[in-house]
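Working notes, structure below.
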């Protein structure tokens, strides 16, 4: 009995200790839902901030939140964060259950998905006393405007850039590619050693194919209203071209690609968002490799560029927030406060906010690779189109990938796959899936 009593006492002590610890800081580690933290400050309004990204982004954002709370002693901020993988699906659950954070990092495409009428996020125009909207041009504000309501503010502008391991190109006597034919010629050379020209993720693979299709046909793959413009015969050709890229060692299979292959030189180059320059350009340079930047491949006499630009990511406020003023103060801090701007630097890309740019110019902004990429891209800006949200729709991209795989692995003909892909994408667009 004494042993039993002792066990109960120890067990109770452990439980009470755990309760005490978690009353000081509530932490929820869940592999499926990222991490969320609530601080222990007492009194005032409690608001939540959510974002996705890598570990460095998590660290500097949390440091920034601490500094914000020092400035705003009556505001308590909790936060939830995680990697991008799966984050979009979690956001859908949060939005549908009205459980989203007060201040949210959002993707540009989410404006159409969650706020086509402008009511899915808070109208930031109503909070202009707390958010410095003068830091943005009318065009920049238009990116986040839905049905006349300012739903979000852009953090940075984003488009794709290609980086190559120059040492690998020199080893094989290759030059930076300018055309699609150049890519295939590179694939012939690198393929002899079972290497690939490019390693990309699923979304970038889809964007590469869209660019080729639009250059070749002069038509948009998706109309401005988001509906599918490509017909089934054209989709058949696109699926066949995708297989040609794989067989020709131009593209490493998406399911095989790992960034380490690019970093080690097994893959010569990659395509990434400008906002990911620190990972794919600076990161490769840190291994001792020489890195070269390259612009988009283009067909001779292309009828359309096929390449797009968009806000990198955006800050928005929940339409359901109970503390809009406090949320607005946090949003303004994230975009314009000197302390936060210097913490973030160009990790999310070159900032759009004029105030942020002025602050970073004092710290040598023009020397960063992100800035150099943006300046290079400005020469092509007239050719770049504002992205159509469905181009980034994860369900649409998954549908293309799974459908094309049936052809890649000889389970169906290209025509059969194209039929399935078009039908299923149209179902997604029409809300049937």
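Each reported figure results from applying straightforward, stated rules to the coordinates on display, with no laboratory input. This structure is a prediction, so every number in the text was calculated from the model and none was measured. Here Cβ is always computed from backbone atoms with ideal geometry, including for glycine, and neighbour counts include all displayed protein chains.
Run through the DSSP bridge list for the chain and note the antiparallel percent, rounded to the nearest 5.
Given both bridge residues lie in the chain, the antiparallel proportion sits at roughly 65 percent.
How many angstrom lie between the Cα centre of the stretch 240-313 and the Cα centre of the stretch 322-339?
A separation of 35 Å, based on Cα centres.
Take the Cα radius of gyration of the stretch 308-433 and divide it by 2.2 N^0.38 Å, with N its residue count; two decimals is plenty.
Numbers: Rg = 21.0 Å, N = 126, 2.2 N^0.38 = 13.8 Å.
For the stretch 308-433, the normalised Cα radius of gyration is 1.52.
Within the stretch 401-433, name every residue whose backbone N is under 17 Å away from a label modeled 7 Å from Cα of residue 116 along the Cβ vector.
Output list for this probe position: 425-433.
As a footprinting exposure proxy, order 363, 194, 102, 419 by other Cβ within 10 Å, with the fewest listed first.
By the 10 Å Cβ count, ascending, the order reads 194, 363, 419, 102.
First check a/c for the stretch 286-351, with a ≥ b ≥ c the square roots of the eigenvalues of its C-alpha gyration tensor; if it is under 1.5, answer rounded, and if not, answer prolate when a/b is larger than b/c or oblate otherwise.
oblate
Please list the three semi-axes, largest first and in whole Å, of the ellipsoid equivalent to the stretch 199-325, using sqrt of 5 times the eigenvalues of its alpha carbon gyration tensor.
Details: eigenvalues 148, 138, 39 Å².
They are 27, 26, 14 Å, listed from largest to smallest.
Using a Gaussian network model on the chain with a 10 Å cutoff between Cα atoms, which of 62, 157, 271 fluctuates the most?
62
In what sequence do 376, 266 fall when counting other Cβ within 10 Å, fewest first?
376, 266
Take the chain, drop everything but the C-alpha atoms, weight them equally and run the Debye formula without solvent; then report log10 I(q)/I(0) at 0.06, 0.09 Å⁻¹ to two decimals.
-0.29, -0.64
On a 0 to 90° scale, report how tilted helix 369-378 is relative to the longest principal axis of the chain, with both axes built from alpha carbons and the result rounded to the nearest 10.
Between helix and principal axis, roughly 50 degrees.
Nearest 10 degrees, 0 to 90: what angle lies between the long axis of helix 180-191 and the longest principal axis of the chain (Cα atoms)?
80
Summing -39500 (n - 2.57) over the DSSP H runs of n ≥ 4 in the chain and dividing by its residue number, what mean residue ellipticity at 222 nm do you reach, to the nearest 500 deg cm²/dmol? Don't skip to the end; give the middle numbers.
On the way: 16 runs with 184 residues, N = 433.
Helices in the chain give a 222 nm mean residue ellipticity of -13000 deg cm²/dmol.
Pull out the extension gain between residue 59 and residue 287, defined as 0.36 nm times the separation in residues minus the alpha carbon to alpha carbon distance; nm, one decimal.
Computed gain between residue 59 and residue 287 is 79.8 nm.
Binned at 5 Å from 0, what are the whole-percent values of the Cα-Cα distance distribution for the stretch 122-186, short to long?
The calculated distribution, bin by bin, is 3, 13, 18, 13, 6, 4, 6, 9, 11, 10, 5, 1.
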